[in-house]
Every structure is written in C-alpha cells, then in structure tokens.
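Chemist: Pasting a structure here, questions to come.
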Amino acid sequence: MIETILNILEISIWAGIAAVGFGILFNIPKKAILTVFLLGFGAGFIKTFLLDFQINIVLASLVAASFVGLLSIPLAHSIHQPPVVFSIPAVIPMIPGFYAYETVLSIMSFTFLEKDDAKRLVFMDAIFSNGFTMLFILISLSIGVSLPLLLLRKDTVKKIEN
Amino acid sequence: MDTTNRLKQVADLLLEISSLLMVSGANTNRVDLNIDRFASVLNCESFSLISQKTIILTVVDIKTGENYTKVKNLPSHKIDFTILSLISKASWNAIEEGWSLSNIRDEINRLKNQKRYPRIVVLIAVSFAGAGFCKIFGGDYLNLLIAFVSTFCGLLILQETHKKLFNVYINVFLASLTASTIASLGVYFNLGTQPEAALATSILFLVPGVALINSFSDLLDKNVLNGMVRFANGVMTVLAMALGLFIAMLIFELK
C-alpha cells in the first residue's frame, strides 16, 4: 500500500516537473511557476490515483482537469494572473500524445506495411480505439480548463467572488 | 477629420493588441474580451472577424457613429503566456484608471519588449519535461536519461531550423527524427527496463498541446471556424511528428 502511494507520489512529482517544463516553453511569468508545479502535481496525483483503481483514463483525465479548472479561480485572484496562464501548462502532462502517435503508427502500418488481413483488422481496432480515446481525453481536458467559465456563465473570472 | 484620424489610431492599436494575443496563444474568446475592454475605455465599440492569419476589425465611435475598418495580417505564432497575462492586467488597469489612447499604446509597446527565458533554461526545462513524461509512462531512471538527452537534441534542432525559416512542419519532422533516432538507440541496445517508453516520450515535447486545447475551447465557445483551423494545424503537427518517428523506426527495424 505504502509502496503504491510512494510510487504515485513519484510519478506526480514528475508530472509537476513536466508541467513547469512546458510552462517555461510557453514563457509563463516567473510568479506562476510554483503554482504550475503544484497544479501539475495535484492533477498528476489525482489521475494516477484514479487509474490505480482501474478507472477509465478519459474519466480520470476529466476529473483531474476539472480539479485544475476549479482551483484556477481562487488562484487567479491570489496571484493576479489570468487562469489560462497556469491551467494550460498544468494539464499538458495529460495531453494524450501517446494515443496520438499510436493512432498514427497504426494508420501507417495498416496502409503501408501489413498485407495479412487478420493483422490488418488488429490495426483497424487500434486506430479506432486509440484515436477516439485521444479525442475524448482532449475534450475532457478543455472542458476541465474552461469549467469555471462554463459553470458560472461569466465572461471572466475577475468578477467571480472568492 | 479629427474623429476619423482618432478612429484610425484606435483601430491600429486594437489590431496590434489582438494580433499579439492571437500569436501568443489566446483562444478566440479571450481576444474578443480583451478588445472589447480596451474599446470601451476609448469610447468605441469594436466588431471583429478573427482568424488564424488575418483579423478584420471595425471600430465605431459611440458618440458620432462614425466607423473605420481595417485588416491586419498576423505574424507567425509564438506562444507567450506572459504577454497574455500582461495584456489582461493592462486591460483591467485601463478600465479602472480610465487610460487614454497614448497610455495604452505606451503600455503595449513596453510589454512587447518583454524578455523570454534564456535559451539554455528552456532547453533544460523541456528536457526535464520529457524525462517527466517518460516517468509517467513507467520508465526507469536510465530511460529517463535517454528521454532527457533525446528531447534536448530534438529541441535544439527545432530551434536551429526555426532560425533558418523552413516550413514549420519540416522543422517538426526534423526535430522528431532527431529525437526518435537517439531514443531508438536505447531500444536497439536494450537499455533500461522500458526503452520503448523513452522512445514514445522522446517526441512528446512537439505535441501541439496549446493548439489542441484552444481548438476545443473555441469549439465550446461556438467559434467553429477557428476551432477547426487550430485542430487541423494540430493534426498536421502530429502527422509530421509521427513521420519522423516512423522513419527512425524503419532505420532501426523496430516493430
């Protein structure tokens, strides 16, 4: 049990580091770096924790991204930055890049490499399952990031009371 | 004549701001909101058609009803969240303190000259991000090192080819080929417990995350055209990445 938690914590710390790395690539303000790390860490922790309980990756990503989206309201007030500045880098480690390239590799193997019909069926299956998982994760991430504005029907978080 | 001249300056300023926001990675809704805020400070109303390459903007003087329309082509995109943050702050300050046209123009010129992080810091930070991805996909620390090195070299190639002004997808392809070739060495010599994880994550620094997230948030805001354009750009980038990876895997005969 403790080993599992330590393992999840280790992965979450690396998720936070990945979030900061991308934040620096996107040139976030220096003040936002710690926030991005904590949000990336939190999101990574929630996602890995849920995955550990065999919960579907789409749902896990939605929950983790919603956590980022909801926390971004009070954080935007306290560090005086618009929420996208730290919510987008924080969800970047959850971008389904792995599924994206699995999809494209399956498409390429299906089209160019494999001649055997039975194996081509396997690639068909891989194209659809990976492709749609990628799409649904992306939709979950953007719903999570824009959740506060969707729920509260305001144009800007500036007018939402703490 | 005076109002026309003023409207011309307002339109120029608002177009400058919207183009800055757009190339820095704001979604369409954010550009709209910021423009409306600045326009309201300057006693104007603004109507705009925003696309990825061009912005058409009409400003209407609230008092006289005179209008002025202008079109601006956007420079190439370079994501910069500091600019988003500073423009957003400037728009609120402008409303609270009732800034004049020249105040806003000075502030915009000032924030255009913001420094980015030094190149070496970006290289190291993104390489750590690549190592982080590798950890998320279950690599051990030797795999993390391979992911770090291949991300570093890939990003270096991306930055160098970017200076040469090649087509952006060719840059992405070359960066992906470099990164995955280095990571393929790990698979070829079977280093670490999960060399495939290092190969899979070595090219993830190229994933167009902002384009894809903005694409769906534009679609949620019913900015369908911009959403589709961003999605298409994102898919093109993913295809270029995958092509680089594919060729590296062919070279090393990996399955």
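Chemist: Name the residue, out of B:LEU165, B:LEU155, B:LEU144, that is more than 15 Å from the chain's Cα centre (by Cα) and open to solvent by 20 Å² or more (accessible area, probe 1.4 Å). First the steps, then the outcome.
Modeler: Numbers: B:LEU155 fails: open to solvent by 20 Å² or more (accessible area, probe 1.4 Å); B:LEU144 fails: open to solvent by 20 Å² or more (accessible area, probe 1.4 Å).
Answer to the selection: B:LEU165.
Chemist: Just name the residue that is most open to solvent (accessible area, probe 1.4 Å) out of those in the range B:212-226 that are in contact (Cβ under 8 Å) with a residue 60 or more places away in the chain and part of a helix (DSSP H, G or I). Before you say what the answer is, go through the steps one by one.
Modeler: Applying the first criterion (in contact (Cβ under 8 Å) with a residue 60 or more places away in the chain) to the range B:212-226 yields B:214, B:217-218, B:221, B:223, B:225-226.
Next, only the ones that are part of a helix (DSSP H, G or I) stay: B:214, B:217-218, B:225-226.
Values: B:ASN214: 6, B:SER217: 10, B:ASP218: 0, B:LEU225: 142, B:ASN226: 9 Å².
Here the residue is B:LEU225.
Chemist: Same structure again: I'd like to check something: does the range A:12-32 contain any residue that is free of Cβ contacts under 8 Å to residues at least 60 places away in the same chain and closer than 20 Å to A:ILE143 by Cβ?
Modeler: no
Chemist: Can you list the strands (runs of 3 or more DSSP E) found entirely within the range B:34-77 that contain at least 3 residues being open to solvent by 50 Å² or more (accessible area, probe 1.4 Å), touching a Ser or Thr at 6+ places or on another chain (Cβ under 8 Å) and not hydroxyl-bearing (Ser, Thr, Tyr)? Please lay out each step first, then the result.
Modeler: Values: elements: B:44-50, B:54-61, B:67-73.
Per the criteria, B:67-73.
Chemist: Kindly indicate which of B:SER24, B:SER19 is within 20 Å of B:LYS112 (Cβ to Cβ) and within 14 Å of another protein chain (Cβ to nearest Cβ).
Modeler: Exactly one residue qualifies, and that residue is B:SER24.
Chemist: Pick from A:ILE55, A:ILE73, A:ILE46: which is at pLDDT 90 or above, among the β-branched types (Val, Ile, Thr) and in a helix (DSSP H, G or I)? Spell out the reasoning first.
Modeler: Numbers: A:ILE55 fails: in a helix (DSSP H, G or I); A:ILE73 fails: at pLDDT 90 or above.
Sole residue among the options that is at pLDDT 90 or above, among the β-branched types (Val, Ile, Thr) and in a helix (DSSP H, G or I): A:ILE46.
Chemist: Which ones in the range B:94-127 are in contact (Cβ under 8 Å) with a residue 24 or more places away in the chain, more than 21 Å from B:LEU20 (Cα to Cα) and within 14 Å of another protein chain (Cβ to nearest Cβ)?
Modeler: Correct list: B:ARG119, B:VAL122, B:LEU123, B:ILE124, B:VAL126, B:SER127.
Chemist: Going through the range B:102-117 one residue at a time, which ones are surrounded by fewer than 15 Cβ atoms within 10 Å (Cβ to Cβ) and over 23 Å from the mean Cα position of the chain (by Cα)?
Modeler: Within the range B:102-117, B:SER102, B:ASP106 meet the criteria.
The values are calculated or read from the model by the stated rules, or taken from the named source; none is laboratory data. Just so it is clear, the structure is predicted and the values come from calculations on it, not from any experiment. Because the Cβ atoms are built from the backbone with ideal geometry, glycine has one as well, and the counts that use them run over all protein chains shown. When the accessible area is computed, the model is the full protein with side chains, heavy atoms only, and any ligands, DNA or RNA have been set aside. Shrake-Rupley method; radii C 1.70, N 1.55, O 1.52, S 1.80 Å.
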